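This report refers to the structure that appears directly beneath it.
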Amino acid sequence: RIVPLVSRDVLLEYVRVLGYPKFALDPEDIKGLIEEHVLPFAEMVIVDKTPEIVPEDPADDRFLALALAGGADFLISGDKHLLGLKRYHGVEILAPRQFLERPEISGT
């Protein structure tokens, strides 16, 4: 029922963020995480154009572009800039807890 979407730009962002010192991961660890825990479960989407929507953090725009190009119903994020939008071109933007509490997801 739930199909995670990824694009080249989003994967590069994951690699960049996982490289932060606070995670203490070396490049081989990051590669393993992506190959074992992301790629087998995600649908790769080709993104032709990335809109400029979040001036406070332009890196967030790649997630909106992915959601639009992939025809997503939801964008699940903990990012305050994205959550502040609430909705973008029909894509509902929710925090993970909000998403999991939706009746159609939780089954309640």
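The values are calculated or read from the model by the stated rules, or taken from the named source; none is laboratory data. Remember, it's a predicted structure, so these values are computed and weren't measured experimentally. Counting neighbours? That spans all protein chains shown, and the Cβs are built from the backbone with ideal geometry, glycine included. Heavy atoms of the whole protein, side chains included, go into the accessibility calculation; ligands, DNA and RNA do not. Shrake-Rupley method; radii C 1.70, N 1.55, O 1.52, S 1.80 Å.
Determine which member of the set Val6, Val38 is among the β-branched types (Val, Ile, Thr) and touching a residue at least 60 places away in the same chain (Cβ under 8 Å).
None of the other options fit; the residue is Val6.
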State yes or no: is Val15 β-branched (Val, Ile, Thr) and without any contact (Cβ under 8 Å) to a residue 24 or more places away in the chain?
yes
Of the residues in the stretch 37-66, those that are of a type outside the set (A, V, I, L, M), closer than 11 Å to Val6 by Cβ and either within 13 Å of the chain's Cα centre (by Cα) or surrounded by 17 or more Cβ atoms within 10 Å (Cβ to Cβ) (or both) number 3
Condition set charged (D, E, K, R), open to solvent by 40 Å² or more (accessible area, probe 1.4 Å) and within 16 Å of the chain's Cα centre (by Cα), scope the stretch 1-34, selection farthest from Ala65 (Cα to Cα): answer is Arg16
Across (1) assigned to a helix (DSSP H, G or I); (2) surrounded by fewer than 16 Cβ atoms within 10 Å (Cβ to Cβ), His81 clears everything bar (2)
Reported set for the stretch 1-50 where residues are of a type in the set (D, E, K, R) and part of a helix (DSSP H, G or I) is Arg8, Asp9, Glu13, Arg16, Lys22, Glu28, Asp29, Lys31, Glu35, Glu36
Would you call Leu100 modelled with pLDDT of 95 or more and among the aliphatic types (A, V, I, L, M)?
-> no
